[in-house]
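Engineer: Got a structure for you, questions after.
The values are calculated or read from the model by the stated rules, or taken from the named source; none is laboratory data. Keep in mind that this is a model prediction, so the values were computed, not measured. We place every Cβ from the backbone using ideal geometry, glycine too, and count neighbours over all the protein chains shown.
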Amino acid sequence: MDTAPLFRLGTRGSPLAMAQAHMTRDALAAAHGWSPDRIAIVPIRTTGDRVQDRALAEIGGKALWTKELDRALLEDEIDAAVHSMKDVETIRPTRIAIAAMLPRADVRDRILGVAALAELPQGAVVGTSSPRRAAQVLRHRPDAKIVLFRGNVETRLAKLAAGEVDATLLASAGLVRLGREDVGTPVPLDVMLPAPSQGAVGIEVRAEDARARELVGAIGHADTRAAVSAERALLEALGADCRSPVAALATITGNRLTLRAELYAQDGSAHVGGSAEGSVGDIGLAPALAQDLLARAPDSVRRLFAGE
């Protein structure tokens, strides 16, 4: 009996990444009538997982989460790579294609340690490695002190429990996927708009691999892809990188897409927001919104975006 895998999925080795790889495996098995154990999950350790004591911007940005998976994919060690889309650089190698995105989960952040930003004690220490979350917290609570907080979900929860910080923020989607939906309180979208692509899982394949593109394409969710693609197009038009405090969310109703975005100064002292609406797939929507935001942004915000 042939026990060779029918398909090989590469993933980071963190508990959340593994959970997302298992979601992808189960979706592929269901779509193609395969036994899940015929789909191999191949953990690949990334630089981002190894280096936990510095901000991503200091050591190479989002490529720290993707470059080892890219190498494994291009060297045919795996057939596809599973990613959290918010960790994937906006500009990708031409030899790699996003073949599908799974249905998006809850896009909101959750606050842990207190029930709401307004309930933080005066001068509270808030742990986060996200420039967006730091700026949003400081916009609402300029008295707060931000400290670098990296590591997987359990590591951050342990640091919070040990009293290293008064509060932290995590993506609701990740907590749910780890079975920790009881942790933290969702922050309303009108208080904290999420990171572009938050809550979305994407699967990449080699661009010329027609078999993998077809197999993975069968599990794709069209509305998630359209929304996330609009958010990524906004990032590209802004020239945003992992240092740029930007929040964005696209929502779809029927064949209409609404894209909302906010740009911040790093200390939260200034921000600019806006929205645009058009048909799903309108490639001019995100660049137009980016141009409008940059035109209206104060200098302390505009200078953080290379697209200016």
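Engineer: Before we move on, is Ala161 at pLDDT 95 or above and not charged (D, E, K, R)?
Structural biologist: Taking the combined requirement at face value, the residue does not satisfy it.
Engineer: Is it true that some residue in the range 87-99 is modelled with pLDDT of 90 or more, charged (D, E, K, R) and surrounded by fewer than 16 Cβ atoms within 10 Å (Cβ to Cβ)?
Structural biologist: yes
Engineer: Name, by its number, the condition in (1) modelled with pLDDT of 95 or more; (2) surrounded by 20 or more Cβ atoms within 10 Å (Cβ to Cβ) that does not hold for Arg156.
Structural biologist: (1)
Engineer: Search the range 1-47 for residues being buried (at least 20 other Cβ atoms within 10 Å of the Cβ) and out of contact with any Leu (no Cβ under 9 Å at 6 or more places or on another chain), and hand back the single one that is farthest from Ala81 (Cα to Cα).
Structural biologist: If we take residues in the range 1-47 being buried (at least 20 other Cβ atoms within 10 Å of the Cβ) and out of contact with any Leu (no Cβ under 9 Å at 6 or more places or on another chain), then Ser14 is farthest from Ala81 (Cα to Cα).
Engineer: Would you confirm, using the coordinates I've provided, whether Gly123 is in contact with a strand residue (DSSP E or B) (Cβ under 7 Å, 6 or more places away or on another chain), surrounded by fewer than 21 Cβ atoms within 10 Å (Cβ to Cβ), at pLDDT 95 or above and within 25 Å of Val301 (Cα to Cα)?
Structural biologist: Against the criterion (in contact with a strand residue (DSSP E or B) (Cβ under 7 Å, 6 or more places away or on another chain), surrounded by fewer than 21 Cβ atoms within 10 Å (Cβ to Cβ), at pLDDT 95 or above and within 25 Å of Val301 (Cα to Cα)), Gly123 qualifies.
Engineer: Could I ask something else about it? Name the residues in the range 284-302 that are of a type outside the set (Lys, Arg) and in contact with a helix residue (DSSP H, G or I) (Cβ under 7 Å, 6 or more places away or on another chain), would you?
Structural biologist: Leu285, Ala286, Pro287, Leu289, Ala290, Leu294
Engineer: Shifting gears a bit: Among the listed residues Arg139, Arg133, identify the single one that is among the charged types (D, E, K, R), outside the structural domain of Pro15 (by TED's automatic domain parsing) and touching a Phe, Trp or Tyr at 6+ places or on another chain (Cβ under 8 Å).
Structural biologist: Arg139
Engineer: For residues in the range 73-86 being outside any loop (DSSP other than H, G, I, E, B) and surrounded by 18 or more Cβ atoms within 10 Å (Cβ to Cβ), which is modelled with the lowest pLDDT?
Structural biologist: Within the range 73-86, the match that is modelled with the lowest pLDDT is Lys86.
Engineer: Scan the range 49-65 and give yes if some residue there is basic (Lys, Arg) and either at pLDDT 95 or above or within 16 Å of the chain's Cα centre (by Cα) (or both), otherwise no.
Structural biologist: yes
Engineer: Let me ask another. Just the residues that are among the acidic types (Asp, Glu) and closer than 26 Å to Val246 by Cα, please, taken from the range 203-230.
Structural biologist: Glu204, Asp223
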